Amino acid sequence: MAQRLFFALPVARTSQLALLKLQSQLAQAGIHGRMIPATNFHLTLAFLGSVTASQKDALLARLADLTVPDLHLELDTLHYWAKPGIVALGARRTPIALGQLATQLQQDAYQHGLHPTRHAFRPHITLFRGASALLPDLAHVPEQPIVMTSHSVELMVSVNGPAGVEYHCLKRWQR
Ligand code: ATP
Ligand code: MG
């Protein structure tokens, strides 16, 4: 049976706490969406879509030696995408190593018949879904960037659990 897969950077506990704090600040400021639980915080590198077992085996064989660079990111700007009502914390500047890694994984997917990514890579961590438009006085949030450091890349499977979407790590590449 096919699985819904994507590559992501996990979010360390310390960054999770900072993101939770920002989330509640935004909720108090009037954002009424579904709050993403901290266990679901992640930064997507490449979305692969529906992947069969044999496609997954081939993918894991191809990427067995994937090199994970030192990833250091300053999350310093809010994004709002109206259609899905996503409020996300993003980065004004994409570190070169992060952009290269995302591009490598997206190209690998495209070249092997998996989901083709059509948009430029915009690193972000989703904090709310189904939110109404951002209020104008949130333009300067966050006051301080949330610094994220990652030493691993994860292949995640997305499943619909009883309490909503859940992500499980299928494989982790570490620096
Ligand atoms: P749900 O769709 O159930 O509301 P979700 O979007 O978090 O929750 P998935 O749709 O399985 O769960 O997506 C997993 C990850 O891949 C998320 O980070 C999501 O933003 C990203 N993603 C999903 N679809 C696409 C797509 N078509 N293009 C790029 N990224 C995508
Ligand atoms: Mg989705």
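The values are calculated or read from the model by the stated rules, or taken from the named source; none is laboratory data. Note that the structure is a prediction, hence the values are computed from the model and not measured. Quick reminder, even Gly has a Cβ in these numbers, built from the backbone with ideal geometry, and neighbours come from all protein chains shown. In case anyone asks, the SASA skips ligands and DNA or RNA and just uses the protein heavy atoms, side chains included. Shrake-Rupley method; radii C 1.70, N 1.55, O 1.52, S 1.80 Å.
The table below gives the values:
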{"read-out": "Per residue, in Å², the accessible surface of segment 1-51 once ligands and nucleic acids are set aside, probe 1.4 Å", "value": "49 Å²"}
{"read-out": "Kirkwood Rh in Å, taken over all unlike Cα pairs in the chain", "value": "16.9 Å"}
{"read-out": "Apportionment of accessible area to carbon and sulfur, the chain, percent (1.4 Å)", "value": "53 percent"}
{"read-out": "Spatial separation of Cα centroids for segment 108-175 and segment 33-57, in angstrom", "value": "8 Å"}
{"read-out": "Calculated FRET value between residue 97 and residue 119, using beta carbons and R₀ = 22 Å, to 0.05", "value": "0.65"}
{"read-out": "Partners for residue 56 among lysines (Cα-Cα distance below 22 Å; same-chain residues under 8 apart left out)", "value": "171"}
{"read-out": "For segment 75-117, accessible area per residue (1.4 Å probe, heavy atoms of protein chains only), Å²", "value": "52 Å²"}
{"read-out": "Segment 1-157 - percent relative contact order, Cα under 8 Å, separation 6 or more", "value": "40 percent"}
{"read-out": "Full-extension gain in nm, residue 29 to residue 70, via 0.36 nm per residue minus C-alpha separation", "value": "11.3 nm"}
{"read-out": "The chain: angle of helix 13-28 to the longest principal axis, Cα-based, in degrees nearest 10", "value": "40 degrees"}
{"read-out": "Sequence ranges 9-15, 23-29, ranked by mean other-Cβ count within 10 angstrom, highest first", "value": "9-15, 23-29"}
